[in-house]
Amino acid sequence: MLSAEADVLVIGGGMAAAWAAVGAARAGARVIMVDKGAVGTSGVTAAAGPNHWWVAPEQRAQAVTQRLGQALELGEASWMHRILSQTWATLPTLAGFYEFCINDAGNVVYSSVRGPEYMRALRQYVESLGVRILDHSPALELLLQRGAIAGARGERLQEREAWEIRAPAVILATGGCGFHGPLLGSRTNTGDGYLLAAETGVALSGMEFSSQFTIAPAFSTMTRAMSYVYATYYDASGRVIEPSGDSQKLRFLAEALLNGPVYCDLARMPQDIRDRLPYISPNVLPVFRRQGIDPFQDKFPIALVSEGTIRGVGGLTLETEDCETSTPGLFAAGDAASREMVTGAVSGGGAVNSAWALSSGIWSGHAAARLAKRLGRRQGAVERSGQAGLRPAGQPKPLDEAALKTTVRAQATDFSTTYFRDDASLTQALDVLDAQWADIRTGLAGGLRAREAAALTATARWCLTAARHRRESRGIHTREDFPTQAAYLARRQILRGVDHIESNFASVVEIAA
Amino acid sequence: MIELLFEDLCTQCNECVTKCPSNVFDSVPGAAPAIARQDDCQTCYMCEMYCPADALFVGSDCEKPNAPDPAEIRASGWLGELRRNSGWDEWAADPQYNNQIWYMGEVFKRGLAR
């Protein structure tokens, strides 16, 4: 077994995790990062091209006002201002590791970065600060001492050994949950952090805001949205499907897909953009070519891919502006945390979510380093907090982990439980997921695969339970049986519990600065 | 998903073993790495990007393997295209491959303005 001690342990390997490690290391902490995949290639940022919410100081008041309106009474101006100013100050500090673009006018563009290079640069930055990185080393459970965080333990997949790291501060930056679907780069985002934290008593918020979808060529993972501003959609007979309502919303495609396959071409993309595309997003066109498709001429079948809680909103509730949770010493950053403060009831898209991931990473890193200095080492006896998939309540029995994951994907991403849900469809899906959860709790024992199946199932239960309790439509949470927004529900929905889930609605109260 | 590893091109640097975020490859002493867990591939193309020898091919079907013909893939010109179009390594000095991600915002603006 690998045993180690750190001031701050960062769990995760995407952009929030990397910025958290930067924040902690720059504040003088000894930092260890553990990631299920590999820091630099893990997660949804590495395979994409994130934009950051990037607004000059003099334009921020207006940008925040606009965003608050879109947030439908669940956003908070103070958090929006904080992520704008933190991102503005911090992103350019990557310049020694990332070559920011110069636009045609000769100006440096900081906001848009290419994922593989960005995450490669962040890894180099983290390494330059002396952070120890353990790749392919998923965390399986948190360690507690008298109710406070004391570290974590997990597996090293390539060395085939366990690890245990003691730390008085732990940052969960494990990403959101893509429900094991084809969203690019999301396969390892199985909701692990939600389960790890919830087992120590941390609540979740905003989980009902998870009906967010994006377009991909069917059977592919290419969920990058940019090209589809030039899309034309067709039904099986070749008739054009016109967007209804807001052209940015994809609900009309979900309606069309219920009636049969939907096809698309990109014939309206101007030639100069086609020529530039390989150097904007190198991974887009090969996906088509490798299936023998010319997307500018041929009609190709599309799918709507769930973005789960990644481009959705929900996650762990935070108690402080430093991103600490209700478990002392446990912090959450990026998509592991609820983003309702900055996005409200709608998706933050890539830009707000990236600004949030960077900012919450830096804040949690700084605060975790400060806390660790105050607390010192975590020695002595600890409790292991992991339950589902690790320590079954009954006799271990053989359960097919791949089948468990397939069930989660089917129940949590079906249009009947996302775009077109009602009490009946949600109850039906929850019956399936609750039964699966009971099986997991009773009999599933194993390592990473079992734990992933448990975390996926738990996350789907939280999302659909929250959807059932919010009896209105607001933002990306829509209900067929409650199609309008209810004024009395301009409140956050807090879920507590892993086995039995309790829902409470709480007023939006801004955390005092 | 990951389909092919061309052993004659592979330099056994094991970058794919290190970089794959879903741990698909196993290193093999004295030989090219093995595609040990093809089912775990998440079709993110990271291994292709990081392969300095252009010895890997990821098919764009993420649901199932399609066993493409290695000779056809070798002749396709696809090996190494992601790394080249990204301007990595030996392509870094060629201005044709400059990173133009900044133009993403313009693409959205122009598209939505129509």
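If you go through region A:145-202 and pick out every residue that is surrounded by 21 or more Cβ atoms within 10 Å (Cβ to Cβ), among the small types (Gly, Ala, Ser) and part of a strand (DSSP E or B), you end up with 5. Being over 17 Å from the mean Cα position of the chain (by Cα) and either surrounded by 12 or more Cβ atoms within 10 Å (Cβ to Cβ) or more than 29 Å from A:Ser281 (Cα to Cα) (or both) is the filter here, so list the residues in region A:41-58 that pass it. The answer is A:Trp54, A:Val55, A:Pro57, A:Glu58.
Here A:Ile32 meets the list (1) farther than 18 Å from A:Ile310 by Cα; (2) out of contact with any Pro (no Cβ under 8 Å at 6 or more places or on another chain); (3) within 14 Å of another protein chain (Cβ to nearest Cβ) almost entirely, failing just condition (3). None of A:Gly365, A:Gly334, A:Gly376 is of a type outside the set (Lys, Arg), closer than 30 Å to A:Thr200 by Cβ and under 18 Å from the mean Cα position of the chain (by Cα) except A:Gly334. In region B:95-114, the residues that are at the interface with chain A (Cβ under 7 Å from one of its Cβ atoms) form Cβ pairs under 8 Å with partners that are among the basic types (Lys, Arg), at six or more places apart or across chains, as follows: B:Tyr97/B:Arg84; B:Asn99/A:Arg114; B:Gln100/A:Arg276; B:Ile101/A:Arg114; B:Tyr103/A:Arg276. The condition of being of a type in the set (D, E, K, R) and within 21 Å of A:Gly49 (Cα to Cα) holds for A:Glu307.
Residues that are of a type in the set (A, V, I, L, M), in a helix (DSSP H, G or I) and surrounded by 24 or more Cβ atoms within 10 Å (Cβ to Cβ) within region A:441-472 comprise A:Ala453, A:Ala454, A:Ala455, A:Leu456, A:Ala458, A:Ala460, A:Leu464, A:Ala466, A:Ala467, listed in sequence order.
With respect to the stated conditions, A:Arg268 fails to be free of Cβ contacts under 8 Å to residues at least 40 places away in the same chain, within 14 Å of another protein chain (Cβ to nearest Cβ), more than 14 Å from the chain's Cα centre (by Cα) and outside any loop (DSSP other than H, G, I, E, B). For region A:476-513, which positions are under 18 Å from A:Thr317 (Cβ atoms), touching a residue at least 12 places away in the same chain (Cβ under 8 Å) and part of a loop (DSSP other than H, G, I, E, B)? The answer is A:Ala490, A:Arg491, A:Gly497, A:Val498, A:Ile501, A:Ser507, A:Val508, A:Glu510, A:Ile511.
Could you please let me know if A:Leu257 is in contact with a Leu (Cβ under 8 Å, 6 or more places away or on another chain), under 23 Å from B:Phe108 (Cβ atoms), of a type outside the set (Asp, Glu) and more than 13 Å from every other protein chain (Cβ to nearest Cβ)? Steps first, please.
On the way: in contact with a Leu (Cβ under 8 Å, 6 or more places away or on another chain): yes; under 23 Å from B:Phe108 (Cβ atoms): no; of a type outside the set (Asp, Glu): yes; more than 13 Å from every other protein chain (Cβ to nearest Cβ): yes.
The answer is no for A:Leu257.
Based on this model, can you work out whether A:Leu134 counts as over 23 Å from B:Cys44 (Cα atoms), hydrophobic (A, V, I, L, M, F, W, C) and out of contact with any Pro (no Cβ under 8 Å at 6 or more places or on another chain)? No.
Anything in region B:13-62 that is on the phi > 0 side of the Ramachandran plot and touching a strand residue (DSSP E or B) at 6+ places or on another chain (Cβ under 6 Å)? List them, or say none. B:Asn14, B:Tyr45 - these are the residues of region B:13-62 that are on the phi > 0 side of the Ramachandran plot and touching a strand residue (DSSP E or B) at 6+ places or on another chain (Cβ under 6 Å). Of all residues in region A:70-126, none satisfies the criterion of being touching a Pro at 6+ places or on another chain (Cβ under 9 Å) and farther than 22 Å from B:Gly105 by Cα.
Every number in this text was worked out from the coordinates using simple rules, so none of it is lab data. Keep in mind that what you see is a predicted model, and the values were worked out from it rather than measured. Virtual Cβ from ideal backbone geometry, glycine too; neighbours counted across all protein chains shown.
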